[in-house]
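Here's the structure, in structure tokens; my notes come after.
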Amino acid sequence: MKSRTLLRHSKEGLKNIGRNGWMSFASVSAVTIMLMVVGIFLILIANINHIASDVEGDVEIRVHIDMTASEEDKEGLYEQIDAIDNVAAITYVDRDEGLDQFIEDVDEGSAELFESLRNENPLNDVFVVETKEPQLTEDVAGEIEQFANIDTVDYGEDIIEQLFAVTNMIRIVGAALVLGLMFTAMFLIANTIKLTIVARKNEIQIMKLVGATNGFIRWPFFVEGLVLGLLGAILPVAAVISGYYYLYDLLVTEAILSFVDIVPPNPLTFEIAAILIGIGALVGVWGSLMSVRKFLRV
Amino acid sequence: MRVTLKIVTIQGMRERKMHVFFEGSDRLIEMRDVTKTYGNGITAVNNINVFIDKGEFVYVVGPSGAGKSTFIKMTYLEERPTAGKIYMNGTDLDELKRKHIPLLRRNIGVVFQDFKLLPKLSVFENIAFALEVLEEPRHVIKKRVFEVLDLVRLKNKARFYPQELSGGEQQRVSIARAMINHPPILIADEPTGNLDPQTSWGIMDVLQEINARGTTVVMATHNKEIVNVSPKRVIAFEGGRVTRDEQRGRYAYEK
Ligand SMILES: Nc1ncnc2c1ncn2[C@@H]1O[C@H](COP(=O)(O)OP(=O)(O)OP(=O)(O)O)[C@@H](O)[C@H]1O
Ligand SMILES: [Mg+2]
């Protein structure tokens with residue numbers, strides 16, 4: 001195609017947007033709303049993934065060794081655990097150290113109470129085992145439980161299971177919602193453009209009877225859909241970037257939620273912006289071409 | 001005699017990028033046992049055999065509803081026959097691929113009975129459109145559009161929109177558009193239907209002139225005076241059938 005023709009198609013597409021002002025506005029609004037929600041979801045999902053992997057990374061197995069175990073028993077146990085495939089690291093924490101750590105973690109009043117217990121330390125010596133993948137924790141813990149000289153093995157079973165359940169659900173629901181919204185917006189755009197096309201049906205028929213190819217007729221619609229989609233992306237992109245920077249500042253710099261670690265806005269917001277622009281363009285073009293399709297059979 | 005579909009760019013037309021359906025025979029329209037029954041059950045064209053050769057000037061006459069427009073619409077595939085065979089310039093329309101239909105249409109100048117002008121385009125743009133699809137350069141388009149506008153005496157209305165024109169003026173725009181490509185065949189469905197006698201003769205002069213230059217002209221008409229004063233081959237339709245096909249025929253119907 002010659003550049004002159006491309007120019008003609010672009011002009012034609014833009015003219016159509018202007019001519020069908022209200023319909024164009026409706027289409028752009030549909031895309032805007034859809035991308036806004038998609039943007040918010042992408043930010044949520046990115047952060048949930050981030051937090052989840054943080055927490056998952058913290059998961060460890062605590063192997064409480066029998067009080068009666070001898071040094072050789074402990075060494076034997078260490079070797080056994082070390083021999084398990086998916087074990088990444090083993091740290092030995094003896095009962096005194098364990099109490100120290102514990103006292104450090106609790107508040108001052110309780111610290112004193114536990115300090116007085118030092119002579120009757122209720123804690124066991126512990127092997128802290130880290131697995132290669134957080135998801136392997138349960139299996140590895142199960143294997144360790146079979147070994148001798150063990151009092152108990154704990155790894156926060158409930159927390160892990162719940163965490164996985166929740167994060168997976170949020171990811172799936174999020175993805176489903178995003179997909180659903182995308183299709184809704186596509187159909188909205190297809191329908192709004194279709195409304196304007198019904199009026200243009202005669203024109204398309206005439207163009208075809210005068211010898212225009214389907215491609216020639218489609219191009220302006222391609223441009224129109226692309227522009228509508230891109231226009232629809234402007235507001236969500238601006239909102240995602242500025243909104244998230246603002247939120248991040250508020251939460252992190254102002255330390256309102258200092259214990260929650262959220263994803264920094266750079267490069268996340270720009271990646272999301274690129275995704276939104278891409279989805280906008282895709283939805284616009286697809287919706288627009290969908291709607292001309294059936295009018296081309298002349 | 002008949003060869004399979006060939007699309008060649010014939011010499012001289014290369015620079016205009018006009019693909020022409022070309023067989024080497026002089027037969028432009030060939031209809032064999034063609035019938036068209038519309039979805040509503042009306043058989044508008046009933047088992048006709050029509051042959052039109054290169055260079056001919058043909059009137060298609062007959063009472064309203066006789067099937068003239070249906071006959072014309074089948075030549076450029078606005079309608080497809082329900083039975084029979086149509087060859088345009090030797091090309092079997094049944095074998096014509098969808099994507100080649102636009103090429104066929106660019107080689108048939110059609111003046112539609114209802115004009116079919118694009119309402120949102122000016123007179124100039126309406127005519128230019130037929131050249132834009134060929135990706136002609138701007139200055140060529142401009143030159144050619146004004147040439148044909150001159151021919152149909154509408155140069156001064158180039159910037160007008162169809163709804164600002166009288167019926168006769170719209171008809172002339174439609175004629176100008178049909179001629180812009182210098183198609184080998186021009187098919188006009190009542191090109192003088194809305195014109196006063198003087199303008200009608202003006203249009204006839206134009207059609208006869210392009211026919212003299214080698215363009216085949218097929219013209220459906222109710223204009224008794226024109227047919228009788230300027231006698232040519234007449235194909236008469238009645239109730240979907242061809243009832244008469246004679247050289248230098250007469251109109252022979254009351255309107
Ligand atoms: N699209 C259509 N669907 C159904 N019936 C049609 C259609 N077009 C035409 N007909 C019918 O076919 C018959 C022939 O119509 P056609 O338009 O070919 O007549 P015509 O000879 O061109 O008449 P006129 O001189 O009034 O233009 C008519 O009875 C008409 O009602
Ligand atoms: Mg008719």
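Within the stretch B:59-68, take every residue that is on the phi < 0 side of the Ramachandran plot and surrounded by 22 or more Cβ atoms within 10 Å (Cβ to Cβ) and give me the one that is farthest from ligand 2 (Cβ to nearest atom).
B:Tyr59
Which members of the stretch A:112-140 meet the condition of being farther than 28 Å from A:Glu161 by Cα and of a type in the set (Phe, Trp, Tyr)?
Result: A:Phe114, single match.
Taking the stretch B:146-193 as the region of interest, how many residues are buried (at least 24 other Cβ atoms within 10 Å of the Cβ) and within 16 Å of ligand 1 (Cβ to nearest atom)?
Qualifying residue count for the region: 6.
Check off (1) farther than 30 Å from A:Leu7 by Cβ; (2) in a helix (DSSP H, G or I) for B:Leu104 and give me the number that stays unchecked.
All conditions are met except number (1).
From the list B:Glu79, B:Glu95, B:Glu136, exactly one residue is more than 8 Å from chain A (Cβ to nearest Cβ), within 16 Å of ligand 2 (Cβ to nearest atom) and not in a helix (DSSP H, G or I). Which is it?
Just one listed residue meets the conditions, B:Glu79.
Which fully enclosed helices (runs of 4 or more DSSP H) of the stretch A:1-87 have 3 or more residues being charged (D, E, K, R) and at pLDDT 85 or above? Steps first, answer last, please.
On the way: elements: A:3-19, A:21-58, A:71-83.
Fully inside the stretch A:1-87 and qualifying: A:71-83.
If only one of A:Ile172, A:Ile189 is more than 12 Å from A:Val38 (Cβ to Cβ), in contact with a helix residue (DSSP H, G or I) (Cβ under 9 Å, 6 or more places away or on another chain) and either of a type outside the set (S, T, N, Q) or assigned by TED's automatic domain parsing to the domain that holds A:Gly76 (or both), which one is it?
Details: A:Ile172 fails: in contact with a helix residue (DSSP H, G or I) (Cβ under 9 Å, 6 or more places away or on another chain).
Criteria check complete, one pass: A:Ile189.
Could you count how many residues in the stretch A:201-242 are part of a helix (DSSP H, G or I) and either small (Gly, Ala, Ser) or more than 9 Å from every other protein chain (Cβ to nearest Cβ) (or both)?
29
Quick one: B:Leu195 ticks every box in (1) closer than 20 Å to B:Gly65 by Cα; (2) modelled with pLDDT under 90 except a single one, so which number is it?
In the conditions (1) closer than 20 Å to B:Gly65 by Cα; (2) modelled with pLDDT under 90, B:Leu195 misses (1) alone.
Would you check if there is a residue in the stretch B:66-77 being within 16 Å of ligand 1 (Cβ to nearest atom) and charged (D, E, K, R)?
Looking for residues that are within 16 Å of ligand 1 (Cβ to nearest atom) and charged (D, E, K, R), one finds at least one in the stretch B:66-77, hence yes.
For the stretch A:161-179, indicate whether the set of residues that are surrounded by 12 or more Cβ atoms within 10 Å (Cβ to Cβ), part of a strand (DSSP E or B) and not aromatic (Phe, Trp, Tyr) is non-empty.
For the stretch A:161-179, residues surrounded by 12 or more Cβ atoms within 10 Å (Cβ to Cβ), part of a strand (DSSP E or B) and not aromatic (Phe, Trp, Tyr): absent.
Take the residues in the stretch B:209-242 that are exposed (fewer than 15 other Cβ atoms within 10 Å of the Cβ) and in a helix (DSSP H, G or I), then tell me which one is farthest from ligand 1 (Cβ to nearest atom).
For the stretch B:209-242, the residue satisfying everything is B:Ala212.
Can you tell me which of B:Asn126, B:Asn49 is assigned to a strand (DSSP E or B) and more than 16 Å from ligand 1 (Cβ to nearest atom)?
B:Asn49
Here is a list of conditions, (1) within 16 Å of ligand 1 (Cβ to nearest atom); (2) more than 14 Å from every other protein chain (Cβ to nearest Cβ); (3) under 26 Å from B:Tyr161 (Cβ atoms); (4) not polar (S, T, N, Q), and B:Val110 meets all of them except one; can you say which number that is?
That leaves (2) as the condition not met.
Can you tell me which condition A:Asn20 does not meet? The list is (1) within 30 Å of A:Glu120 (Cβ to Cβ); (2) within 14 Å of another protein chain (Cβ to nearest Cβ), and all the others hold.
(1)
Go over the candidates B:Ile127, B:Ile86, B:Ile101 one by one and state the one that is farther than 30 Å from A:Glu12 by Cα, touching a residue at least 12 places away in the same chain (Cβ under 8 Å) and either more than 16 Å from ligand 2 (Cβ to nearest atom) or among the small types (Gly, Ala, Ser) (or both).
Only one candidate passes the filter, namely B:Ile86.
The values are calculated or read from the model by the stated rules, or taken from the named source; none is laboratory data. Only a predicted model underlies this, so the values are computations on that prediction, with no experimental measurement involved. Methodologically, a virtual Cβ is constructed for each residue, glycine included, from the backbone with ideal geometry; neighbour enumeration extends over all protein chains shown.
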